[in-house]
């Protein structure tokens, strides 16, 4: 899929709908569909393929047939289904597969506008209706442009797996400084939602649990190998607040820092 196709084509939206539960869909003949995840993540099940975790967007081609969207039972999710046509119909439009963007705010704003204009119940004259349809066409074209452009950028960069590996190396080297989910996601050139899904898939845990586990392990080694006070150890492993450190330490080890130190001194 490239911009050469988009130059020659005009997208016209046929339907837009919002879902928060699992459904089975089929792309109508001569139509295309775009799934945009607004919150959480979903699993996409295509015939004879492994399930695909999607936290951003996915494009469906009519030749892909029936597919199902599965919302995790323990997590809420919301996704938008846009059905549209491309004119002229005899020109190829082969967009399909996962799409990524760093401009989710722009996308969601245009989705809100498309939803609002589509469900506007005020009567329109012919001129107003034409302007209405033209505006929807421009927004859909802009959405497709953003996904095409930024998905191409992502392909040119490192793969997502490599980005997560580099993130883990960065955390292991900089665990003692302030690290936040948005900052690490930006560093990996991903949205927060997509980064969160890939990080948990790779590590089996959340970013903060991974970071806290690492910091507590470093703290335990410092307790074993140095005579530093507990408050000094807390600061050196990245906790500004000692009471927070003590709470996390006890949660991870089952012992308070004071009791852990006492046991170490008795060894």
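Quick look at the numbers
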read-out: Considering residues of the stretch 72-95 that are in a loop (DSSP other than H, G, I, E, B) and at pLDDT 90 or above only, the residue farthest from the chain's Cα centre (by Cα); value: 88
read-out: Selected residue (only one of 33, 56, 5 is surrounded by 15 or more Cβ atoms within 10 Å (Cβ to Cβ) and without any contact (Cβ under 8 Å) to a residue 60 or more places away in the chain); value: 33
read-out: Selection status of residue 110, outside the structural domain of residue 198 (by TED's automatic domain parsing), touching a helix residue (DSSP H, G or I) at 6+ places or on another chain (Cβ under 6 Å), assigned to a helix (DSSP H, G or I) and at negative phi; value: yes
read-out: Top-ranked residue of the stretch 153-190 - restricted to ones that are at pLDDT below 85 and closer than 22 Å to residue 109 by Cβ, ranked as surrounded by the most Cβ atoms within 10 Å (Cβ to Cβ); value: 190
read-out: Hits in the stretch 79-108 - residues which are farther than 28 Å from residue 159 by Cα and without any contact (Cβ under 8 Å) to a residue 40 or more places away in the chain; value: 90
read-out: Residue list for the stretch 214-236, restricted to those being part of a helix (DSSP H, G or I) and loosely packed, with under 15 Cβ neighbours inside 10 Å; value: 217, 221, 224, 225, 231, 232
read-out: Any chance residue 173 is more than 27 Å from residue 6 (Cβ to Cβ) and under 18 Å from the mean Cα position of the chain (by Cα); value: no
read-out: Unmet criterion (only one of (1) in a loop (DSSP other than H, G, I, E, B); (2) surrounded by 17 or more Cβ atoms within 10 Å (Cβ to Cβ); (3) at pLDDT 90 or above) for residue 101; value: (3)
read-out: Residue list for the stretch 35-51, filter: assigned to a strand (DSSP E or B) and more than 17 Å from residue 66 (Cβ to Cβ); value: 36, 37, 38, 39
read-out: Among residues of the stretch 36-53, those that are in contact (Cβ under 8 Å) with a residue 40 or more places away in the chain and out of contact with any helix residue (DSSP H, G or I) (no Cβ under 9 Å at 6 or more places or on another chain), counted; value: 1
read-out: Residue list for the stretch 185-213, restricted to those being within 13 Å of the chain's Cα centre (by Cα) and in a helix (DSSP H, G or I); value: 185, 186, 192, 193, 194, 195, 196, 197, 198, 199, 200, 201
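The values are calculated or read from the model by the stated rules, or taken from the named source; none is laboratory data. Just so it is clear, the model here is predicted, and its values are computed rather than measured. FYI the Cβ positions are ideal-geometry reconstructions off the backbone, even for glycines, and counts take in every protein chain you see.
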